[in-house]
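Data block below; observations after.
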Amino acid sequence: MRLSHPLIIGAGPAGCAAAIALGRGGTRCTLIDRDEEVGDPLCGGFLSWRTAEQLEALDVNIDALGAHRISRLRLFAGTRSSEVALPRAAFGLSRLALDSEMRRMAIANGAQFSVDTIRGVDSGKAIGSQREWNAPAIFLASGKHDIRGQSRPRTAKDTTLGIRLRLPATPKRTSLIGDAIELHLIDGGYVGIVLQEGGSANICLAVRKSALARAGGSPDGLFAQLADQHPAMAERLGDDLRDARTDTIGAVPYGWICSDTAPGLFRLGDQAAVIPSLAGEGISIALASAQAAARSHSANRSSQDYQAEFATRVRRPVRLASTLWHTAETHLGARAAIALSRMAPGLIATLAQGARIPPVA
Ligand SMILES: Cc1cc2nc3c(=O)[nH]c(=O)nc-3n(C[C@H](O)[C@H](O)[C@H](O)COP(=O)(O)OP(=O)(O)OC[C@H]3O[C@@H](n4cnc5c(N)ncnc54)[C@H](O)[C@@H]3O)c2cc1C
């Protein structure tokens, strides 16, 4: 199919935000996703204050979606813990709620939605399983999933996996977790816990493959090991663990930044940069890249200029988040983080602020 307007591949936060921005600027677009129905993608479900700010600018009303307010960061390492106030309010919201609303708004702003699974992308052409798409501009927003011809390099020997489980609302979990984002630092990774709309708990791990192997290779084995070794985790997981479904994704290329692209190809979201998820800033990067790419396209600026500028904008937060992630995943680093947050809580708040993508000047 030959289009005279932009094609957006992927209807996650990045693709939908681009469709909304293009639509509001009077540019038609076609938005495709491999899934007809919005799923509940694996994610920590933490919306930073910068993410919330950008969603507000897009008129996405997260209060109406039931977002749970978060005002503190609670850190755990073994039996030690500490708590610091976040610099500004953040929120817990499921991706099912967020992505459903964003897809609805993209379509309401004029995006033509189609279902297709793209297999390859090359100079103005996307090859789908249903048809071939030709477009003057392609916005690549396939997120965690690489597409032939545009794959991101996997350089780490011991790759990082994402594992998520959702536990139902209980009075005990509500009182334990409350208005905090909890980061339980473990050898080779971390577990992030937040409450979301309706009070359910989103429990999301980023963990090295080797750490999973040490726990017997299965997510269930890893959760059982964590509950055995960390009393605070055992309390939060409770008996519901037995019936919970786990989702996993493999080989997350943390730290990768795209600084070059082909003419007419705008890479957005996780296809533009992958900030370690410990920072909780991935959705913010998705929204900021969509906004910047839509602006560049409307101003007839080249995709290469957009990509180089966006790479410069994200470099500092991605590097800082990478340093924090590498420190926190070691036994000594995790203990040092707890000690530091007790001695200098202001410094932790400054680091949390530094891992946000800066707004456009
Ligand atoms: C373990 C973990 C925890 C995280 N926790 C957080 C957090 O708490 N807060 C936060 O801000 N960020 C978090 N992130 C990062 C966040 O999930 C991503 O940065 C964000 O989802 C990127 O949005 P996106 O729109 O680029 O991609 P995605 O959300 O991955 O969306 C991509 C879309 O493209 C579609 N698609 C994929 N392939 C194809 C194809 N071939 N053809 C057609 N359609 C396709 C998919 O169906 C999907 O709808 C986390 C990441 C990980 C790994």
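Being more than 14 Å from HIS297 (Cβ to Cβ) and either in contact with a Gly (Cβ under 7 Å, 6 or more places away or on another chain) or open to solvent by less than 60 Å² (accessible area, probe 1.4 Å) (or both) is the filter here; which residues of region 130-140 pass it? Walk me through how you get there before you give the answer.
Quick first cut of region 130-140, residues more than 14 Å from HIS297 (Cβ to Cβ) only: 130-134.
Within region 130-140, TRP133, ASN134 meet the criteria.
Go through (1) at pLDDT 95 or above; (2) open to solvent by less than 50 Å² (accessible area, probe 1.4 Å); (3) of a type outside the set (A, V, I, L, M); (4) more than 18 Å from ALA286 (Cβ to Cβ) one by one and return the number of the condition GLY23 breaks. Going through the list (1) at pLDDT 95 or above; (2) open to solvent by less than 50 Å² (accessible area, probe 1.4 Å); (3) of a type outside the set (A, V, I, L, M); (4) more than 18 Å from ALA286 (Cβ to Cβ), GLY23 breaks only (4). Being away from the ligand (no atom under 13 Å from the Cβ) and among the basic types (Lys, Arg): is that true of ARG50 here? It is false that ARG50 is away from the ligand (no atom under 13 Å from the Cβ) and among the basic types (Lys, Arg).
Taking region 227-253 as the range and being surrounded by 20 or more Cβ atoms within 10 Å (Cβ to Cβ) and either hydroxyl-bearing (Ser, Thr, Tyr) or within 16 Å of the ligand (Cβ to nearest atom) (or both) as the test, only VAL252 passes.
Would region 276-293 turn up any residue that is open to solvent by less than 60 Å² (accessible area, probe 1.4 Å), more than 15 Å from the ligand (Cβ to nearest atom) and touching a strand residue (DSSP E or B) at 6+ places or on another chain (Cβ under 6 Å)? Before you say what the answer is, go through the steps one by one.
Looking only at region 276-293, we keep the residues that are open to solvent by less than 60 Å² (accessible area, probe 1.4 Å), and these are 276-290, 292-293.
Retained after the next criterion (residues that are more than 15 Å from the ligand (Cβ to nearest atom)): none.
Checked region 276-293: no residue is open to solvent by less than 60 Å² (accessible area, probe 1.4 Å), more than 15 Å from the ligand (Cβ to nearest atom) and touching a strand residue (DSSP E or B) at 6+ places or on another chain (Cβ under 6 Å).
Given the condition in contact with a strand residue (DSSP E or B) (Cβ under 6 Å, 6 or more places away or on another chain), more than 26 Å from ASP240 (Cα to Cα) and open to solvent by 70 Å² or more (accessible area, probe 1.4 Å), answer yes or no: does some residue in region 92-110 qualify? The answer is yes, given that some residue of region 92-110 is in contact with a strand residue (DSSP E or B) (Cβ under 6 Å, 6 or more places away or on another chain), more than 26 Å from ASP240 (Cα to Cα) and open to solvent by 70 Å² or more (accessible area, probe 1.4 Å). Remark: pairs (first residue in region 203-216, touching a residue at least 12 places away in the same chain (Cβ under 8 Å) and part of a helix (DSSP H, G or I); second residue open to solvent by 10 Å² or more (accessible area, probe 1.4 Å) and within 13 Å of the ligand (Cβ to nearest atom); Cβ separation under 7 Å; 6+ apart in sequence or on different chains) = LYS209/THR159; LYS209/LEU161; LEU212/LEU161.
Out of SER81, SER151, one residue alone is modelled with pLDDT under 95, of a type in the set (Ser, Thr, Tyr), surrounded by fewer than 19 Cβ atoms within 10 Å (Cβ to Cβ) and more than 21 Å from THR246 (Cβ to Cβ). It is SER151. Taking the criterion of being closer than 16 Å to VAL194 by Cα, buried (at least 16 other Cβ atoms within 10 Å of the Cβ) and touching an Asp or Glu at 6+ places or on another chain (Cβ under 7 Å), would at least one residue in region 47-63 satisfy it? Within region 47-63 (the criterion being closer than 16 Å to VAL194 by Cα, buried (at least 16 other Cβ atoms within 10 Å of the Cβ) and touching an Asp or Glu at 6+ places or on another chain (Cβ under 7 Å)), the answer is yes, since at least one residue qualifies.
Of all residues in region 87-139, how many are polar (S, T, N, Q) and either part of a strand (DSSP E or B) or in contact with a Phe, Trp or Tyr (Cβ under 8 Å, 6 or more places away or on another chain) (or both)? Number of matching residues: 3. Pairing residues of region 240-260 that are over 21 Å from ALA311 (Cβ atoms) and in contact (Cβ under 8 Å) with a residue 24 or more places away in the chain with residues that are within 12 Å of the ligand (Cβ to nearest atom) and open to solvent by 40 Å² or more (accessible area, probe 1.4 Å), at Cβ distances under 6 Å and at least 6 apart in sequence or on separate chains, gives ILE249/LYS144.
The values are calculated or read from the model by the stated rules, or taken from the named source; none is laboratory data. Keep in mind the model is a prediction, meaning the values are calculated, not measured. Here the Cβ is made from the backbone with ideal geometry for all residues, glycine too, and neighbour counts use every protein chain on show. Surface areas here come from the heavy atoms of the whole protein model, side chains and all, with no ligands, DNA or RNA. Shrake-Rupley method; radii C 1.70, N 1.55, O 1.52, S 1.80 Å.
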